[in-house]
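Scroll down for the structure; my scribbles are underneath it.
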Amino acid sequence: MLNIIDKPPLHFNSSVNYAHAYLGALADISTGGKDTKDAVDSGKYPFYVRSDSVKSINSFSKNTEAILTSGDGVGVGKNYHYVNGRFDYHQRVYCLDNFKGVFFLFCKNFYKRVIRLSAKNSVDSVRRDMLTEMDVFIPDSIDEQQKIANFLTSVDTKISHLTEKQRLLKDYKKGVIQQIFSQQIRFKDDDGKAFPEWQVKTIGDVMTESRIKGSSGDVAKKLTVKIWGKGVIPKKDDSKGSENTQYYKRKAGQFIYGKLDFLNCAFAIIPDELDGYESTLDLPSLDVSSLVNKFFVLEVVKQKRFYKRFGEIADGSRKAKRINVGVFQEMPITLPSKAEQNKIMAFLDSLDKKTNAVNEQIEQTKLFKKGLLQQMFV
């Protein structure tokens, strides 16, 4: 007999009892008998493997309503599928079906959570006995299970809608940027007058290299530039560098890039918190002229039409091409007046704030659901 326990914060009927039960007592748990090599192109039935993709196959071993997820690897608890019909599945994919007195949608919600909590081995994996003996927390009323499941589903729906809104904002910004830099969109001053025409300059006209000698490699407080324009971060380096390697001090507000990762969009503006950090000449930094908006210049350089075009034609091996500062400074850059640059960046910043606000809503909603699940399905 199950022990009756206190109700969780999320419940709808005060007269319904809650109890612990083993997952293996609530549903059948099995693994498939197929390997990835058994997949075929354009097969008749879905074939669920350990990745988030669904392959196909010409046979099926199950014809039921079921929940499936990876048993090992990075997909544990994440590569999650609901299926109702004929299908087959990989030998390291777990299938929950034949639910015994448990409303299916309720079971679906806690299964996603408890799989992740069970990946406690040295590698990400879940054994069948871990699932079978997993302690779950359920109401003994199907009606209560359905109400809770519907509530959690509404939370999932909200997350999906917010995620789609975030995607649309990002796509909109990307499209606007393309139109701005092709000058299909032009901004006007506060009086509604047109700004001057854009002018062709060189990087060297607006940026000069900084070479302030700093520490040697064994004591330098190092930074590094992330690829794809994702910023500057402190360098995690457990081993000390060489005392014979010269490092150079970098200042907040300087433009910095990776010589070897030029074609991978390794560009950034050094933030205030990394002021005084150091790098070698493989990560040169440049002072940006006060006559331009440094963030606008960064946005231009981050455009594929800039770094791919000019990086590809620069001298050097294609496999390990170093774009030296002199070569970079000779690259042409088309700029509007600083006043229009400021207008453009203010507009793009407003889009970023909207996107960040939506992202915050997504994270808060996920935390809300996570908290409910942690309190319910422990």
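The values are calculated or read from the model by the stated rules, or taken from the named source; none is laboratory data. Please read these numbers as outputs of a predicted model, since none were measured by experiment. FYI the Cβ positions are ideal-geometry reconstructions off the backbone, even for glycines, and counts take in every protein chain you see. These area figures cover heavy atoms from the full protein model, side chains too; ligands, DNA and RNA do not enter into them. Shrake-Rupley method; radii C 1.70, N 1.55, O 1.52, S 1.80 Å.
Here the label points at Lys37 and Arg128, each 7 Å from Cα along the C-beta direction, are separated by 2.3 nm in the simple model. Using the 1.4 Å probe convention, the accessible area of the stretch 137-196 works out to 61 Å² per residue with neighbouring protein chains retained.
Per-residue extension of 0.36 nm, minus the Cα-Cα distance of Ile142 and Thr163, leaves a gain of 4.5 nm for this segment. The accessible area of Val16, taken with all protein chains in place and a 1.4 Å probe, comes to roughly 10 Å². With all pairs of different C-alpha atoms in the average, the Kirkwood value for the hydrodynamic radius of the stretch 182-320 is 16.5 Å.
If R0 is 25 Å, the Cβ-Cβ spacing of Arg309 and Thr280 corresponds to a FRET efficiency of close to 0.40.
Can you give the extra length, in nm with one decimal, that the chain gains between Asn264 and Ala339 once fully stretched, where that is 0.36 nm per residue apart less the Cα-Cα distance? Don't skip to the end; give the middle numbers.
Working: separation 75, 0.36 × 75 = 27.00 nm, distance 2.99 nm.
Extra length available between Asn264 and Ala339 comes to 24.0 nm.
Sorting Asp41, Asp352 by accessible area puts them as Asp41, Asp352; the probe is 1.4 Å, largest comes first, and only protein heavy atoms count. For Ile333, the residues whose modelled amide H falls within less than 5 Å of its own, excluding neighbours fewer than 5 places apart on the same chain, are Lys201, Thr202, Ile203. Each residue, Val219 and Phe151, gets one label point 7 Å from its Cα in the Cβ direction; the gap between the two is 6.1 nm. Exposure check, 1.4 Å probe, all protein chains in place: Ile269 carries approximately 20 Å² of accessible surface. In the stretch 262-318, one over the average inverse separation of all distinct C-alpha pairs is 13.1 Å, which is the Kirkwood hydrodynamic radius. When Lys259, Lys304 are compared by accessible surface with a 1.4 Å probe, the order from highest to lowest is Lys304, Lys259. Of the GluC sites (Glu not before Pro) found in the stretch 242-297, the ones in coil according to DSSP and having at most 16 other Cβ atoms within 10 Å of their Cβ are Glu243.
Taking the alpha carbon gyration tensor of the stretch 317-367, multiplying each eigenvalue by 5 and rooting it gives semi-axes of 36, 22, 6 Å, largest first.
Annotation: amide H-H contacts under 5 Å for Lys251 (H modelled 1.01 Å from N, sequence separation of 5 or more, or interchain): Gly276. Where in the stretch 219-260 is the amide nitrogen less than 15 Å from a point lying 7 Å along the Cα-to-Cβ axis of Asn324? Counting only backbone N, you get 259-260. Modelled this way, with points 7 Å down the Cα-to-C-beta line, the labels at Ala194 and Trp228 are 3.9 nm from one another.
Rg ratio for the stretch 163-251: its Cα radius of gyration over 2.2 N^0.38 Å, N being its residue count, equals 1.73.
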